[in-house]
Amino acid sequence: MDKLNTLERLFGQGRISRRDFMSQALALGATTALATSLASRALAATPKKGGHFRFGSAHGSTTDSINPATFENAFSQFLGYGIRNHLMEVDNTGKLVPELAAGYDVSDDATTWAFKLRKGVEFHNGKTMDSGDVVASINHHRGKDSKSAAKKLLEPIVELKADGKDTVVIKLKAGNADFPYIMSDYHIAIMPAMGEGVDFKSGVGTGAFVLENFEPGVRAKMKRNPNYFKSGYGNFDSAEMIS
C-alpha cells in the first residue's frame, strides 16, 4: 500500500502521467476500480491556482541578503525556497528526491557522482538552466575567501566539472553514500552563472515565485512564475512574506 500511496502522491503532483499511474498501480496488484478511485482522489486534492498569500515569519533582519551563502534564519530560508531550487530536495514525506536533477549515477565506491539535469528548466530571466549554472552555483561556496555556511559541506569535493550541457560530475576525496543529501542543503541553491561567478543579487532563480521586491528585515514580495517546471506547485498569483 505504501507504494500505491507514493504513486498517488506523484500523480497528484504531476510527476507522472495518468497512463503511467494506472499501469504501475495495476502492476502492483491494484484492481482497475481501486486504481481509478485513487487517481480521482489525487486529482480532487490538486490545489486550484489564484489568490494572494500573505505569510508572517519570525526572524528576519536588516542585515539579511538574498545571497544563499549567507542565509542564517527562517525568513531567509523560506524566501530562498520560494525563488530558487536545488539539485535534490527532501519532499513532504521526508524522502530525498531529485529536483533540478533528473537523477544521478554513482560509482561503486561512492566517490564519483554524475547528476543528470532536467531539460528545459528556465530561470526567471528566460535563460535555460544548464550544467554551467550548477557548477558556478556550487563553486560560489567553495572559493578561498568564501564565508558560506555550506563551504565545510563541500570541502570533500576534489573535482567538479560539466560533462556537456545536461550533466555535472562531482568527485570526492572519499566515498559518501549520503552526498545527494548535501545537494539539498538550503544554501546550495542553483543560480544563473555570471562572469566568473553567479548572479545572486537579482534574486533570479528557477523557483515557483519571481522576486519583485525585497526589504531586508521587513518584507519580500513575489509573483507566480508562469513557467515553473513543477506541476502542482506555486499556485498563488502572488505572495508576500512579512518579517
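The values are calculated or read from the model by the stated rules, or taken from the named source; none is laboratory data. As the structure is a computational prediction, the values presented were derived from the model and not from experiment. Don't worry about glycine lacking a Cβ; one is built from the backbone with ideal geometry, like all the others, and counts go over all protein chains shown. Just the protein is used for accessible areas: all its heavy atoms, side chains included, with ligands, DNA and RNA removed. Shrake-Rupley method; radii C 1.70, N 1.55, O 1.52, S 1.80 Å.
Under the rule a/c < 1.5 gives rounded, and otherwise a/b versus b/c splits prolate from oblate, where does segment 100-176 land using the Cα gyration tensor? Oblate, since a/c reaches 1.5 and b/c is not below a/b. Modelled spin-label separation between LYS221 and LYS173, with each label point placed 7 Å from Cα along the Cα-to-Cβ direction: 4.8 nm. Annotation: lysines with alpha-carbon distance below 20 angstrom to LYS152 (same-chain offsets under eight excluded): LYS144, LYS161, LYS171, LYS173.
With an a/c value of 1.5 or above and a/b not larger than b/c for the gyration tensor axes a ≥ b ≥ c computed over the alpha-carbon atoms, segment 43-151 is described as oblate.
Phi angles across segment 70-79 convert, under the Karplus curve 6.51 cos²θ - 1.76 cosθ + 1.60 with θ = phi - 60°, into 3J(HN,Hα) values of 9, 4, 9, 9, 5, 4, 5, 5, 4, 5 Hz, Gly and Pro given as x. Each listed q (0.21, 0.23, 0.27, 0.28 Å⁻¹) maps to a log10 I(q)/I(0) for segment 64-113, found by the Debye formula over equal Cα scatterers with no solvent: -0.86, -0.92, -1.02, -1.05. State whether the chain is rounded, prolate or oblate according to the following rule on the C-alpha gyration tensor (a ≥ b ≥ c being the square roots of its eigenvalues): a/c under 1.5 gives rounded; otherwise a/b larger than b/c gives prolate, and the remaining case gives oblate. Verdict is oblate for the chain. Relative to the globular-protein estimate of 2.2 N^0.38 Å, the Cα radius of gyration of segment 168-243 stands at 1.39. The accessible area of HIS141, taken with all protein chains in place and a 1.4 Å probe, comes to roughly 0 Å².
With the helix formula -39500 (n - 2.57) applied to DSSP H stretches of n ≥ 4, the chain reaches a computed 222 nm mean residue ellipticity of -7000 deg cm²/dmol. Separation of segment 59-78 from segment 122-190 is 20 Å, based on Cα centroids. Using only side-chain charges placed at the Cβ, +1 for Lys and Arg and -1 for Asp and Glu, the dipole size of segment 1-117 relative to its Cα centre rounds to 760 debye.
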